[in-house]
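A.B. asks: Pasting a structure below so you can have a look.
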Amino acid sequence: MSDPEVQPVAATQAGLSQWQRVTSTFTAPSRTFEDIKRGNKSWWLPFVIMILISYVLFAAVTFKIGWAQVAENAIHLNPKSEERLAEAPPAQRDMTMRITQYSMEGGFAAAPVLVLIIVSLGSLGLWGTINFGFGGKATYGQIFAVWMFASLPSIIKSILGTIVIFAGEAPESFNMKNFAPTNVAAFLPPDTTPALYSLATSLDVVTIWTLVLAGMGTAIVANVKRGSGYIAVFGWWVLFVLIGVGWAAVMG
């Protein structure tokens, strides 16, 4: 007979709070992802934090730079677009500038919707890759939550961008595609070829940090080796970097 004093070890473990998962993403990320694996898949807090910080940057750009200047800078950084604009009739030139301005401003203002779309589609691709390519057992909801928490380092980039703007960056030199000095492109001359600039922009400290977190989290929730998670995440990243570089080469 078994000893009545001996009690079975609890199979469950108390989950982390939302704030604990957020802070652990920066201090002990495996704790966050293990918690997601246990079924605690709520992702609203990191989403809200990222959106709020991004709107702080949006306000800084709006009041310190101006979206008309942002659009002008974007066109100036693309020699072919600038040449076409210079040759266009005045009415067409004004229309192009307005469309560029409103599309950039509207795209930033629509950040909550865009983030949800990107994370939803990205999670679908990563879920299929890790489960069918590497024999993982992750649910789509787990991958979605991992992606949200892994994206938290992006707030550092937004904060740095806001600091740079309020520190007195000249509006004429502001680049919306590279608003914080966290990647190689920030240190390249303005006349760098678009393809090389696109590649250099991808070599970003915050982006790499996010990818490492996503690879780790994916491996944990899918119950596969860490290497498999990194291969799945970085494989998709390399693909999109190459697509971006090719597009920049064609359009630039």
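Quick note: the coordinates plus some simple rules give every number you see, no bench work behind them. Since we're looking at a predicted model, the values are computed, not measured. Heads up, the Cβs are rebuilt from the backbone with ideal geometry, glycines too, and the neighbour counts pull from every protein chain shown.
A.B. asks: Provide the FRET efficiency to the nearest 0.05 for the ALA86-PHE234 pair, computing r from the beta carbons and using R0 = 41 Å. Spell out each step's value before the answer.
C.D. replies: Values: r = 41 Å, r/R0 = 0.99.
Between ALA86 and PHE234 the formula returns 0.50.
A.B. asks: Taking a ≥ b ≥ c as the square roots of the Cα gyration tensor eigenvalues, with a/c under 1.5 meaning rounded and otherwise prolate when a/b beats b/c, else oblate, which class fits the chain? Before the final figure, lay out each step's value.
C.D. replies: Details: a/c = 2.82, a/b = 2.13, b/c = 1.33.
The shape class here is prolate.
A.B. asks: Could I ask something else about it? Take SER120 and MET251, extend 7 Å from each Cα along the Cα→Cβ direction, and tell me the distance between the two endpoints in nm.
C.D. replies: 2.3 nm
A.B. asks: Give me the one-decimal nm value for the distance between modelled label points at ARG98 and PHE26, 7 Å along each residue's Cα-to-Cβ direction.
C.D. replies: 4.3 nm
A.B. asks: Could you order peptides 155-163, 233-241 by the average number of other Cβ atoms within 10 Å of their residues, highest first? Working shown, then result.
C.D. replies: Working: 155-163: 18.6, 233-241: 15.4.
Highest to lowest by the protection proxy: 155-163, 233-241.
A.B. asks: Turning to a different aspect of this structure: Per DSSP H run of n ≥ 4, the term is -39500 (n - 2.57); total these for the chain, divide by its residue number, and report the mean residue ellipticity at 222 nm rounded to 500 deg cm²/dmol.
C.D. replies: Numbers: 12 runs with 170 residues, N = 252.
Here the helix-only value at 222 nm equals -22000 deg cm²/dmol.
A.B. asks: Where a Cα-Cα gap under 21 Å defines reach, which lysines qualify for LYS37, not counting those fewer than 8 residues away within the same chain?
C.D. replies: LYS137, LYS225
A.B. asks: Using alpha carbon centroids, what distance separates the stretch 221-240 and the stretch 136-187, in Å?
C.D. replies: Using only Cα atoms to place each centre, the spacing works out to 21 Å.
A.B. asks: Here's something else I'd like to know. Taking the Cα centre of the stretch 28-251 as origin, work out the dipole magnitude from +1 charges on Lys and Arg Cβ and -1 charges on Asp and Glu Cβ, in debye rounded to 20. Write down the numbers at each step before the final one.
C.D. replies: Numbers: 14 positive and 12 negative charges, 203 e Å.
In total the dipole reaches around 980 debye.
A.B. asks: Which of the three applies to the stretch 96-232, rounded, prolate or oblate, going by the alpha-carbon gyration tensor with a ≥ b ≥ c and a/c under 1.5 meaning rounded?
C.D. replies: Numbers: a/c = 2.32, a/b = 1.89, b/c = 1.23.
Note, shape of the stretch 96-232 comes out prolate.
A.B. asks: Right, here's the next one. When the Cα centres of the stretch 40-56 and the stretch 60-115 are compared, how far apart do they sit, in Å?
C.D. replies: 27 Å
A.B. asks: Trypsin sites (Lys or Arg not before Pro), restricted to the stretch 166-252: which are DSSP loop and have at most 14 other Cβ atoms within 10 Å?
C.D. replies: Loop-located and lightly packed - LYS225.
A.B. asks: Here's something else I'd like to know. According to a simple spin-label model (label point 7 Å from Cα along Cα-to-Cβ), what is the distance in nm between TYR140 and LYS225?
C.D. replies: The two pseudo-label positions are separated by 3.0 nm.
A.B. asks: Let me ask something additional. Please name which of ILE130, THR62, LEU160 has its Cα lying farthest along the dipole of the chain towards the positive end, using unit charges on Cβ (Lys, Arg +1; Asp, Glu -1) and the Cα centre as origin.
C.D. replies: ILE130
A.B. asks: Right, another one. Summing Lys, Arg as +1 and Asp, Glu as -1, what charge do residues with Cβ under 13 Å from the Cβ of ALA186 carry, ALA186 excluded?
C.D. replies: In short, 0.
A.B. asks: When the chain is fully extended, how far beyond the present Cα-Cα distance does ILE159 get from SER42, taking 0.36 nm per residue of separation?
C.D. replies: On the way: separation 117, 0.36 × 117 = 42.12 nm, distance 2.46 nm.
Result for the pair: 39.7 nm of gain on full extension.
A.B. asks: Further, regarding this structure: If you plug each phi of the stretch 190-199 into the Karplus form 6.51 cos²θ - 1.76 cosθ + 1.60 with θ = phi - 60°, what whole-Hz ³J(HN,Hα) values come out, in order, with x for Gly and Pro?
C.D. replies: With coefficients 6.51, -1.76 and 1.60, one gets x, 8, 4, 4, x, 5, 5, 5, 4, 5 Hz.
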